Each structure stands twice: as structure tokens, then as C-alpha cells.
Amino acid sequence: MRYQAQEYLTAHARKSGELWRFALGLVLVAVCYLALGYTYFTLIAELVTPQDWPALVSEIDNGSSSRGMLAVLASFGFIIIALAFVTNVLHGRTLATLFGYGRPFTMQFLRVATALGGLAAILWFLPEPKILKPFHNIDYLRWLALLPLSLPLLLVQVTSEELLFRGYIQSQLAARFKSPLIWLVLPSLVFGALHYDPASAGQNAWALAFSAALFGLVAADLTARSGTLAAAIALHLFFNLDSILYVAPGDRLHGLALYTYPFELSDPALLPVWLPYDIMILLCAWLAARLSMRR
């Protein structure tokens with residue numbers, strides 16, 4: 001496999017690639033994120049009435065309203081702040097080194113985004129299983145009015161996750177281990193495990209975690225082949241635009257979605273239909289991204 005481009009990201013990590021430093025970095029990122037998040041939600045609590053706070057907490061937990069989803073998406077910015085602090089103080093490098101080089105990054109992002117836009121247009125005309133036929137959720141004008149907020153915050157969310165898993169974790173592991181089985185697969189498994197949510201998805205939780213881990217592996221592969229996070233961010237944005245802003249499950253994270261599916265994540269009838277469909281789209285998107293970067 002042609003992963004020479006991974007060196008563009010790994011070279012910066014190798015200068016401070018000690019495992020103890022990497023482990024401490026992960027702990028500090030988690031601590032900073034939790035501390036900033038606690039402060040953030042405490043400030044939000046001060047801005048609403050005591051009577052409204054319980055309702056807002058439920059909306060944030062479930063992503064069931066526009067304000068709840070916007071609050072959740074904005075909170076991912078604290079991962080970026082935490083990473084900027086850790087990379088500078090602990091590794092002596094800037095946050096920008098996690099993205100890859102600027103000029104290739106911009107070109108790769110535009111190429112992959114264009115290819116995925118073409119894939120989305122094709123998928124638009126393909127028939128979907130009946131169980132995936134969505135219902136209208138938000139008024140069109142309200143949805144459009146929210147886009148100036150929801151789109152940038154969605155970009156913050158996907159960028160923060162790619163910076164952490166493909167930018168930081170993958171590059172730091174690649175600085176210590178030669179085998180791609182470690183620095184490609186391990187972060188992807190962790191990414192999938194963090195999406196394991198039996199409280200919301202019930203018996204479908206393992207399938208959602210598997211799908212997330214497979215996505216992580218695809219994003220890791222694109223990063224290692226390109227030497228930047230551009231393709232991974234474009235891919236992540238493609239899927240989250242669909243699942244958060246376009247059509248979302250009826251019981252979770254649908255506060256900004258134009259449509260919702262007529263099922264809950266825990267619906268047992270969902271698994272045999274949704275999982276193959278999701279994997280098929282992921283593999284098609286991966287292929288489209290790879291072909292676009294070869295031009």
C-alpha cells in the first residue's frame with residue numbers, strides 16, 4: 001500500500017514521539033475538553049431561566065432541537081482548543097502541522113468535495129428502501145435561515161474529530177510504529193468504540209460502532225495516502241451533512257435536519273436494511289475520493 005505521504009504528518013510527530021508524551025497528551029486533551037465543556041454549559045445555564053434549563057438539557061442530550069444541536073456542535077471546538085494547547089506545550093509543534101501542507105490540502109479538499117458532491121447527486125436519483133423513506137422535519141425557510149450557523153459549526157465538529165483521530169493520534173502512533181496495522185487500525189477501533197451507545201441504539205449499537213470504525217479506517221487510509229486531512233474532512237463532512245443537516249433518525253440528533261427517518265436507532269428492523277446500505281455508500285465515497293486525488 002502506498003502510504004509514503006503519511007510521512008508529511010509523521011515527520012512533525014517524530015520530533016516528540018515518545019509514548020509517554022503521547023499518552024499524557026491524550027489525557028490532557030480529555031481534561032481540557034471536559035473543563036472547557038463544563039464551563040461552557042455552566043455559562044449556557046446562566047443564560048436561560050431555571051424553568052427552561054431542564055428542557056434545554058434534554059434537547060442537548062438528544063439533539064432534539066435546533067438550539068440543542070447548535071450547542072452540541074459548538075462544544076466540539078473545545079477539542080481543537082485542547083489540541084492546540086497540547087501540541088504547542090507538550091510536543092513543541094503548532095496545530096497547523098496536524099492538517100498537512102497548505103497548498104495540497106486546499107486542492108485535495110476541493111477535488112474530494114467535488115467528487116463526493118457528484119456521488120450525492122447520483123444517490124439522489126437512486127431508489128431507497130421503504131424503511132428509509134424520510135418525513136419532513138423543519139420548515140424550509142427556517143432550515144435555510146439556520147445554515148449560516150449550522151454549516152460552520154458542523155465543519156468545526158468534523159474538523160475537530162479528524163484533527164484528534166487522524167491528525168494527532170494517527171501521526172503520533174506512526175512516529176513510533178512502522179506497521180500500518182497499528183496506526184491505521186487502532187485509532188479507527190477507538191473511534192468506533194466511542195460511537196458505541198447501547199442506551200440509544202439498543203441491539204443496533206454494535207452495528208453503529210462497526211460502521212463508525214469502518215469510516216475511521218477509510219478516513220485513515222485517505223489521510224495516509226494524501227498526507228493531509230483534506231480528504232478525511234471532506235468525507236466526514238459529506239456524511240455528517242447527510243445525517244445531521246439533511247435526514248436524521250427520528251429520535252436522535254434531528255434538531256437541524258430537514259427530514260427525519262420513520263424509525264428510532266434501536267429499531268430491530270433497521271439493521272438488515274440500513275447497515276449494508278450505509279457500508280455501500282461509504283465504500284463508494286472512499287473510491288470516489290481516491291479517484292479524485294489521482295487526477
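Throughout, read-outs are computed from the coordinates displayed, never taken from laboratory work. Note that the structure is a prediction, hence the values are computed from the model and not measured. In this analysis, Cβ positions are derived from the backbone assuming ideal geometry, glycine residues included, and neighbour counts consider all displayed protein chains.
Taking interchain pairs and intrachain pairs at least six residues apart, which have beta carbon atoms under 9 angstrom, with the first residue in segment 217-228 and without any contact (Cβ under 8 Å) to a residue 60 or more places away in the chain and the second outside any helix (DSSP H, G or I) and of a type in the set (Ser, Thr, Tyr)?
none
Going through 104, 134 one at a time, which residue ends up being touching a strand residue (DSSP E or B) at 6+ places or on another chain (Cβ under 6 Å) and surrounded by 12 or more Cβ atoms within 10 Å (Cβ to Cβ)?
Details: 104 fails: touching a strand residue (DSSP E or B) at 6+ places or on another chain (Cβ under 6 Å).
Checking each option against the conditions leaves just 134.
Kindly establish whether residue 93 is closer than 30 Å to residue 14 by Cβ and exposed (fewer than 12 other Cβ atoms within 10 Å of the Cβ). Lay out the reasoning, then the answer.
Numbers: closer than 30 Å to residue 14 by Cβ: yes; exposed (fewer than 12 other Cβ atoms within 10 Å of the Cβ): no.
When the stated conditions are applied, residue 93 does not pass them.
Somewhere in segment 120-130, is a residue among the basic types (Lys, Arg) and touching a residue at least 60 places away in the same chain (Cβ under 8 Å)? Full working, then the answer.
Restricting attention to segment 120-130, the residues satisfying the condition of being among the basic types (Lys, Arg) are 130.
Retained after the next criterion (residues that are touching a residue at least 60 places away in the same chain (Cβ under 8 Å)): none.
Within segment 120-130, none of the residues are among the basic types (Lys, Arg) and touching a residue at least 60 places away in the same chain (Cβ under 8 Å).
Confirm whether residue 47 is among the hydrophobic types (A, V, I, L, M, F, W, C), within 18 Å of the chain's Cα centre (by Cα) and more than 21 Å from residue 253 (Cβ to Cβ). First the steps, then the outcome.
Numbers: among the hydrophobic types (A, V, I, L, M, F, W, C): yes; within 18 Å of the chain's Cα centre (by Cα): no; more than 21 Å from residue 253 (Cβ to Cβ): yes.
The answer is no for residue 47.
I'd like to check which helices (runs of 4 or more DSSP H) are fully inside segment 1-84 and have at least 3 residues that are within 30 Å of residue 265 (Cα to Cα), free of Cβ contacts under 8 Å to residues at least 12 places away in the same chain and of a type outside the set (Lys, Arg).
Those helices (runs of 4 or more DSSP H) span 19-47, 53-62.
State all residues of segment 24-44 that are more than 22 Å from the chain's Cα centre (by Cα) and either within 23 Å of residue 96 (Cβ to Cβ) or of a type outside the set (Val, Ile, Thr) (or both); if no residue qualifies, say none. Show your work before the answer.
From segment 24-44, those more than 22 Å from the chain's Cα centre (by Cα) are 24, 39, 42-44; that's our starting set.
Listed by number, the residues that qualify are 24, 43.
Inspect all residues belonging to segment 255-276 and state whether any of them is part of a helix (DSSP H, G or I), surrounded by fewer than 19 Cβ atoms within 10 Å (Cβ to Cβ), touching a Pro at 6+ places or on another chain (Cβ under 7 Å) and at negative phi. Lay out the reasoning, then the answer.
We begin by selecting, within segment 255-276, every residue part of a helix (DSSP H, G or I); these are 271-276.
Applying the additional criterion that residues be surrounded by fewer than 19 Cβ atoms within 10 Å (Cβ to Cβ) yields 271-273, 275-276.
Now drop any that are not touching a Pro at 6+ places or on another chain (Cβ under 7 Å), which leaves 273.
Now drop any that are not at negative phi, which leaves 273.
Yes, that holds for at least one residue.
Using the structure shown, decide if residue 210 is surrounded by 20 or more Cβ atoms within 10 Å (Cβ to Cβ) and within 19 Å of the chain's Cα centre (by Cα).
Details: surrounded by 20 or more Cβ atoms within 10 Å (Cβ to Cβ): no; within 19 Å of the chain's Cα centre (by Cα): yes.
For residue 210, the condition - surrounded by 20 or more Cβ atoms within 10 Å (Cβ to Cβ) and within 19 Å of the chain's Cα centre (by Cα) - is not met.
Could you run through segment 1-47 and say how many residues are closer than 22 Å to residue 81 by Cα and either touching a Cys at 6+ places or on another chain (Cβ under 6 Å) or aromatic (Phe, Trp, Tyr) (or both)?
So the answer is 6.
How many residues does segment 135-175 contain that are touching a Ser or Thr at 6+ places or on another chain (Cβ under 7 Å) and either of a type in the set (D, E, K, R) or not in a helix (DSSP H, G or I) (or both)?
Residues that pass the stated criteria total 4.
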